[in-house]
1. Report the calculated FRET efficiency for residue 52 and residue 158 (r = Cβ-Cβ distance, R0 = 41 Å), to the nearest 0.05.
2. When 281, 261, 241 are ordered from fewest to most other Cβ atoms inside 10 Å of their Cβ, what list results?
3. Between the stretch 42-74 and the stretch 143-216, how many Å separate their Cα centres?
4. Which residues in the stretch 23-41 have a backbone N closer than 20 Å to a point placed 7 Å from the Cα of residue 109 along the Cα-to-Cβ line?
5. In what sequence do 248, 216, 84, 293 fall when counting other Cβ within 10 Å, fewest first?
6. Could you work out the relative contact order of the stretch 33-72? I mean the mean sequence separation of Cα pairs under 8 Å and 6+ apart, divided by the number of residues, in percent.
7. In whole percent, what relative contact order does the stretch 145-295 give with Cα contacts below 8 Å and a gap of six or more residues?
8. Sorting 279, 133 on the 10 Å Cβ count, fewest up front, what's the list?
Ligand code: GUN
């Protein structure tokens, strides 16, 4: 068997287009486009690249972005004061504080300070609670994108055995909540899991989000499984050059799975597209306007 490649780039482009098409109606009603504030603290090179991409895609979708850059040694109180100001700014619909934050800043304190209705990352405990209890709210972007790819590849997820490898607040836990809401039978595996290979072998769906390069081996997979690889690990080859690999050994898995996301070009583009979707959703909800059907 050779797996079908799940084209995250194409899915993301289609989603960005749906968002872009819905922006003019919001702008006509409110006299402005939806606005996303992005806060970048310090000089983490990867964070700079992510933020640049997020800002560029926001413009592609016809929305406004406001970038706030703070120095690496900014006091926590200054960052919290900025978040309070953004919460109060009516022209700001979404607030994203890029993680990780420098050591002097308590990340949890900052995330809790964001107005849950502007929390386009879906990281606020109120939004985590809404997701866990089935209430409408803003849902983290990466797992939302994974679910869209899965629904497209599998159709109905009801009753499917789904394994989520990784228990982070950003991906693993919300992914498990979304799969549970979609009526899959969900297992969460993590660094203390005994017999990871045995769990993988039972899964119809594997979502790998642990940050360990090529941890999941092709020989562990159930033939015909659908594999979503959230990993983005830069490894150095024997000749000193580097390459990006996922948390799944792609070359092995592609021979066993029914469908698989490549790295790069799988989940990554969906994360930003879902951020734009969340920004539009937040803007509509704050304005008391109806949600866009089929977004
Ligand atoms: N750092 C890595 N991924 C993310 C993300 O999805 N949101 C934020 N705010 N920071 C990140």
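Bear in mind these aren't lab numbers, they're just calculated from the coordinates by the rules spelled out. What you are looking at is a predicted structure, and each value in this text was computed from that prediction instead of being measured. Positions of Cβ are backbone-derived with ideal geometry, glycine not excepted, and every protein chain shown enters the neighbour counts.
1. Working: r = 40 Å, r/R0 = 0.97.
With a Förster radius of 41 Å, E is 0.55.
2. Numbers: 281 24, 261 32, 241 8.
Exposure proxy ranking, most exposed first: 241, 281, 261.
3. If we compute the Cα centre of each part, the gap is 29 Å.
4. 39-41
5. Values: 248 31, 216 27, 84 13, 293 6.
Going from least to most buried by this count: 293, 84, 216, 248.
6. Details: 50 pairs, mean separation 25.1, N = 40.
That works out to 63 percent.
7. On the way: 282 pairs, mean separation 29.4, N = 151.
Worked out over the stretch 145-295, it gives 19 percent.
8. Numbers: 279 30, 133 9.
In order of increasing Cβ crowding within 10 Å: 133, 279.
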